[in-house]
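Have a look at the structure below, then the notes.
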Amino acid sequence: MTSTIAISAAVGSLIWLLLFNPSLGLLNYVLSLVGVRGPDWLIQPTIAIIAVSITTIWLTLGTNIIVLLAGLQGIPEEIYEAARLDGARGARMFTRITVPMVSPSLFFLLVVDTVAVLQAFTQIHLLTRGGPVDATRTLVYSIYLDAFQNFQFGFASAESVVLFVLVLVLTIIQFRVIERRVFYQ
Amino acid sequence: MGAVALQRRRPLPIRTLGSYVLLAVVAVLVAFPLLLALSYSFMSEFDIATFPPPVLPAHPSLDNYGKVLATIPIGRYLLNSFIVSTAVVIGQLLTASLAAYAFSFLVFRGRQVLFFLFLSTLMIPWEATIIPNYMTIRSLGWLDTYQGLAVPFMATAFGTFLLRQAFMQIPRELWDAARIDGSTTFRFLREVVIPLSRPALGTVAIYGFLSTYNQYFWPLLITNETLMRTTQVGIAQLRFEESLRWGLVMAGVIMVAVPTLALLVLGQRQLIRGLTAGAVKG
Amino acid sequence: MRKLAAFAIAFSLVAAACGGSAPGATGTGTGDQSALAPGKDVKPAANITWWHAMSGINGEALNKIVTNFNASQSAIKVTTVFQGSYDDLLSKLNTALASNAAPALVQVYDIGQRYMYDSGQVVPMQAFIDRDKFSTADFEPAVINYYKYQDKLQSMPFNASSSIFYYNKDAFTEVGLDPAKPPVTFTEITEAAKKLTKKDASGQTVRYGFGPSIYGWFFEQLLATSGSLYADNGNGRDDRATKVVYNNAAGKAILDWWKAGIDGGYFYNPGIDNAGATTAFQSGKTAMYLESSAALRGNINTAKFQVGTGLFARPDNKPANGGNIIGGASLYIMKSRPAEEQQAAWEFVKYAMTPAVQAQWQSDTGYYAIVKSAYNEAPAKEWATKYPQFQTPVDQIRNSPQNRMTNGAVLGIFAQARARTQKMIESVLLGQATSQAALDAAVAEMNDAIDKYNKANK
């Protein structure tokens with residue numbers, strides 16, 4: 001299950017490209033077996049974004065699972081017992097005990113995954129090339145197109161600066177606002 | 001895998017079963033694409049083009065693997081990736097351990113400032129720097145070279161940070177004792193710090209190797225020569241070159257993924273420990 | 001940033017030097033360019049590299065030519081490097097030129113010619129032709145005209161294709177259409193597509209009538225068969241193009257026809273994936289589609305049905321001045337390499353243009369021979385009898401009137417322009433914009449970009 005950590009973006013994207021293939025892909029066939037009409041994965045703009053997202057999620061599953069698992073395993077049994085004595089059950093136990101105790105891991109993943117998503121290039125390059133109709137043309141992919149397809153290095157550099165500022169602002173928000181709610185022991 | 005379930009003293013059977021089923025489903029969903037790629041790599045175009053789309057090959061054969069070897073110099077790609085990844089790992093270990101050592105044990109003016117500077121580079125997304133990096137490498141004449149592929153990644157703030165955390169765990173007394181004994185700074189590094197920080201060093205090495213091996217964007221930009229390409233760019237190229245022969249592409253994909261999977265199997269413990277060290281404690 | 005300006009200035013200076021009079025020339029159109037080529041007695045280099053974009057069986061055929069050339073003599077060895085799609089190759093060439101790492105011989109697609117010319121990095125083929133008094137009388141006029149600029153041949157056409165119409169003859173018979181009479185006009189295609197579309201019990205479409213991929217090249221061809229220009233100033237051939245003009249009635253008619261088909265459910269949209277459109281056709285998911293004649297061999301080999309070819313689509317009124325633009329690519333000899341390598345490259349080019357090689361290349365791929373006498377060679381004859389489908393693209397090009405529309409447009413930023421028309425078609429087919437709005441938006445954006453390009457390349 002942790003194998004996706006070793007699968008590169010290029011390898012994963014090529015496999016998913018085959019799965020999404022309208023003529024040969026298994027995905028739509030499997031869906032049809034349960035009576036669902038599979039969409040044109042890489043051709044409809046909104047669906048294309050979902051396709052790229054699915055691929056990205058799959059690629060980062062390994063890291064996410066490992067970190068969360070470690071976080072969950074780090075919760076001492078005593079806390080659960082104490083809570084049980086206090087009458088906590090099920091959903092309450094989850095929201096009041098599990099989530100706060102695992103919040104450092106969640107926060108770590110939030111930061112790391114945001115960075116990974118903002119950096120996503122390979123999946124877009126191999127699945128959709130920024131299309132359809134620029135639906136999957138992220139800032140990073142746009143830098144690539146403007147610099148290396150349209151040869152407008154000046155404009156692409158400007159986009160790079162915007163990317164930097166964006167990430168900076170996001171990081172500050174994450175550390176200032178969200179980290180406040182993280183429960184450290 | 002049922003670690004959480006085992007921690008409860010009297011688990012309800014339904015709960016345990018439920019979580020096992022869930023875990024099994026997730027495991028299948030995650031592993032499925034990979035297994036499918038493996039399956040397809042043994043199929044001929046004829047098999048693949050049948051409807052309904054097949055899951056297992058009707059006439060499994062190793063043909064595709066042979067064709068991959070004949071179509072692209074995959075051996076060379078693997079060699080290139082290995083050389084570059086190893087170079088990067090060595091560079092990273094050197095720069096990160098020296099920097100981390102300085103930050104943990106040595107006192108000098110501007111130490112705080114420099115450390116924050118290091119940390120702040122973590123916030124710069126690498127993609128925002130490709131254009132200037134590309135221009136630099138190009139003007140150095142390093143396109144299509146191993147240096148061009150490796151040098152930009154030989155210093156790592158992430159690694160420095162990780163190692164600094166590990167070095168800080170070393171008891172201060174050892175350092176004081178060494179100073180009293182008249183040991184040089186280098187000696188202390190070599191004989192005490194490094195041996196005691198093996199796990200952290202291992203993490204930096206594995207992480208560095210994997211991320212360099214898996215790189216796509218940078219090699220795409222700076223390699224034109226077929227023989228200088230790395231594995232990731234090589235198989236993506238295969239996809240374009242043989243856009244109608246999916247079995248071939250999947251065979252290439254498997255061949256390229258095998259080294260990283262092997263590394264994962266060997267270094268799994270190490271990697272997990274490294275990843276969780278920063279996460280759980282915050 | 002300053003470096004970029006310096007490059008641009010350098011390029012334009014060199015372009016000015018190149019585009020102006022060749023040393024020793026007397027006029028602009030009639031000057032002999034031999035002086036631009038290395039001296040006749042220069043010994044060709046022992047090794048040269050050739051960058052190309054041919055994949056799959058076409059790539060194999062190309063490598064066959066090179067292997068045969070290398071085996072036929074011991075003076076020169078050509079090494080081929082596959083650089084991905086035509087777009088990728090041009091992108092790589094651009095970066096290689098800037099760092100002086102370009103190869104001796106490059107295969108650049110048709111629309112790259114203005115860019116190559118402006119780069120000033122090319123030794124015009126005319127120079128070698130003038131120096132050796134090489135005869136091009138036997139070459140297909142349509143093809144040669146495409147690659148000439150102000151009457152000078154800049155590159156040697158290598159793989160000439162034509163965009164044609166493919167259809168599934170078995171499917172035609174199945175629904176009662178005449179398999180010997182493929183539809184040609186928009187309305188005819190629509191009517192045929194309606195008949196060919198097949199749905200299953202649950203209402204899902206099992207086969208679509210017509211499924212062309214969204215490829216800028218098709219749009220350019222459709223404009224040409226409609227008798228419309230793509231850009232001003234004689235499609236950029238009389239003088240540098242300053243704007244694109246396809247937001248006219250012809251452009252709108254094309255988009256409206258395409259959109260109506262998608263909306264009606266009898267056209268299939270495979271997106272920008274050309275290989276996907278071919279896979280859909282070969283697997284029977286679509287019964288007709290548009291593609292380059294270069295795909296013909298692959299289709300015949302893989303399809304489990306009879307593959308038919310027909311004339312490329314054109315509007316109902318079949319304008320007399322409408323015709324097809326040739327497609328494909330040509331070979332450029334790069335100036336940055338030493339004279340010995342240029343000489344070696346020319347030797348290979350001459351070999352590739354011999355009738356025997358052209359005939360074999362044609363029958364291996366679907367690109368048609370550029371040299372007319374190739375049709376007398378054995379492989380060409382065998383090919384013509386066994387696969388009459390191959391005659392379609394040849395006839396089509398020979399029957400197209402030669403005018404500015406069918407010569408094709410010349411634009412420095414064609415790669416960007418093509419990507420933009422693709423985006424435009426996508427937006428209309430997906431219902432995001434009306435035809436006219438999408439056309440106008442694309443034209444406005446491209447005119448802006450052309451402006452910038454022209455200013456930087458004065």
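Numbers at a glance
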| item | result |
| --- | --- |
| Subset of the range A:86-110 that is within 10 Å of another protein chain (Cβ to nearest Cβ) and among the β-branched types (V, I, T) - its residue that is nearest to A:Q174 (Cα to Cα) | A:V102 |
| Within the range A:132-169, tally of residues that are more than 9 Å from chain B (Cβ to nearest Cβ), aliphatic (A, V, I, L, M) and within 18 Å of B:L221 (Cα to Cα) | 1 |
| Hey, B:A24 within 12 Å of chain A (Cβ to nearest Cβ), out of contact with any Phe, Trp or Tyr (no Cβ under 9 Å at 6 or more places or on another chain) and at pLDDT below 85 or not | yes |
| Qualifying position, being assigned to a loop (DSSP other than H, G, I, E, B) and either farther than 20 Å from A:I124 by Cβ or at pLDDT 80 or above (or both), among A:L42, A:L61, A:L18 | A:L42 |
| Filtered residue count, the range C:53-98, keeping only those that are closer than 19 Å to C:A345 by Cβ, assigned to a helix (DSSP H, G or I) and among the β-branched types (V, I, T) | 3 |
| Tally, over the range C:153-170, of residues that are buried (at least 22 other Cβ atoms within 10 Å of the Cβ), outside any loop (DSSP other than H, G, I, E, B) and in contact (Cβ under 8 Å) with a residue 60 or more places away in the chain | 12 |
| From B:G91, B:G66, residue being farther than 30 Å from B:S197 by Cβ and part of a helix (DSSP H, G or I) | B:G66 |
| Residue satisfying all of: in the range A:112-126; in a helix (DSSP H, G or I) and facing another protein chain (nearest Cβ under 10 Å); nearest to B:L238 (Cα to Cα) among these | A:L126 |
| Yes/no for C:G84 being at positive phi, touching a helix residue (DSSP H, G or I) at 6+ places or on another chain (Cβ under 8 Å) and within 14 Å of chain B (Cβ to nearest Cβ) | yes |
| Single unsatisfied condition, B:P57 versus (1) surrounded by 15 or more Cβ atoms within 10 Å (Cβ to Cβ); (2) in contact with a Leu (Cβ under 9 Å, 6 or more places away or on another chain); (3) within 14 Å of chain A (Cβ to nearest Cβ) | (2) |
| Failed criterion for B:L78 (all others in (1) crowded, with 20+ Cβ neighbours inside 10 Å; (2) under 26 Å from the mean Cα position of the chain (by Cα) hold) | (1) |
| Top-ranked residue in the range B:122-157 [being within 11 Å of another protein chain (Cβ to nearest Cβ) and under 30 Å from B:S104 (Cβ atoms); ranked as surrounded by the most Cβ atoms within 10 Å (Cβ to Cβ)] | B:A128 |
| Test: residue in the range B:85-93 that is surrounded by 13 or more Cβ atoms within 10 Å (Cβ to Cβ) and within 14 Å of another protein chain (Cβ to nearest Cβ) | yes |
| Sole exception among (1) surrounded by fewer than 21 Cβ atoms within 10 Å (Cβ to Cβ); (2) within 14 Å of B:F82 (Cα to Cα) for B:A257, by number | (1) |
| 1 or more residues at pLDDT 85 or above and more than 24 Å from A:A147 (Cβ to Cβ): qualifying helices (runs of 4 or more DSSP H) within the range B:110-167 | B:111-121 |
| Flag for C:D316 being within 21 Å of the chain's Cα centre (by Cα) and surrounded by fewer than 21 Cβ atoms within 10 Å (Cβ to Cβ) | no |
| Top-ranked residue of the range A:23-57 - restricted to ones that are more than 10 Å from every other protein chain (Cβ to nearest Cβ) and of a type in the set (S, T, N, Q), ranked as surrounded by the fewest Cβ atoms within 10 Å (Cβ to Cβ) | A:S53 |
| Residue match in the range A:84-92 (condition: among the small types (G, A, S) and not in a helix (DSSP H, G or I)) | yes |
| Residue match in the range A:67-79 (condition: more than 8 Å from chain B (Cβ to nearest Cβ), in a helix (DSSP H, G or I), touching a Ser or Thr at 6+ places or on another chain (Cβ under 9 Å) and surrounded by fewer than 19 Cβ atoms within 10 Å (Cβ to Cβ)) | yes |
| Residue count, the range A:148-167 (criterion: part of a helix (DSSP H, G or I) and more than 27 Å from the chain's Cα centre (by Cα)) | 3 |
| Top-ranked residue of the range C:201-242 - restricted to ones that are of a type in the set (K, R) and in contact with a strand residue (DSSP E or B) (Cβ under 9 Å, 6 or more places away or on another chain), ranked as farthest from C:T187 (Cα to Cα) | C:R237 |
| Helices (runs of 4 or more DSSP H) contained in the range B:196-282 and holding at least 1 residues at pLDDT below 80, more than 7 Å from chain A (Cβ to nearest Cβ) and closer than 30 Å to A:Q73 by Cβ | B:246-280 |
| Residues being within 25 Å of A:R37 (Cα to Cα), hydrophobic (A, V, I, L, M, F, W, C) and assigned to a loop (DSSP other than H, G, I, E, B) - total across the range C:171-203 | 1 |
| Members of the range C:295-316 that are at pLDDT 90 or above and among the β-branched types (V, I, T) | C:V307, C:T309 |
| Test: residue in the range C:195-207 that is in contact (Cβ under 8 Å) with a residue 24 or more places away in the chain and surrounded by 23 or more Cβ atoms within 10 Å (Cβ to Cβ) | no |
| Qualifying residues in the range C:404-458 (those that are within 16 Å of A:G130 (Cα to Cα) and among the hydroxyl-bearing types (S, T, Y)) - the one farthest from the other protein chains (Cβ to nearest Cβ) | C:T421 |
| Filter pass, C:A127 being more than 17 Å from C:N159 (Cβ to Cβ) and more than 14 Å from chain B (Cβ to nearest Cβ) | yes |
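Residues checked against (1) at pLDDT 90 or above; (2) touching a Ser or Thr at 6+ places or on another chain (Cβ under 9 Å):
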{"residue": "C:A344", "(1), (2)": "yes, no"}
{"residue": "C:E347", "(1), (2)": "yes, no"}
{"residue": "C:T354", "(1), (2)": "yes, no"}
{"residue": "C:Q358", "(1), (2)": "yes, yes"}
{"residue": "C:Y375", "(1), (2)": "no, no"}
{"residue": "C:A378", "(1), (2)": "no, no"}
{"residue": "C:P393", "(1), (2)": "no, yes"}
{"residue": "C:I397", "(1), (2)": "no, yes"}
{"residue": "C:A409", "(1), (2)": "no, no"}
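The values are calculated or read from the model by the stated rules, or taken from the named source; none is laboratory data. Bear in mind that the values here come from a model prediction, so they are computed numbers and not experimental data. Because the Cβ atoms are built from the backbone with ideal geometry, glycine has one as well, and the counts that use them run over all protein chains shown.
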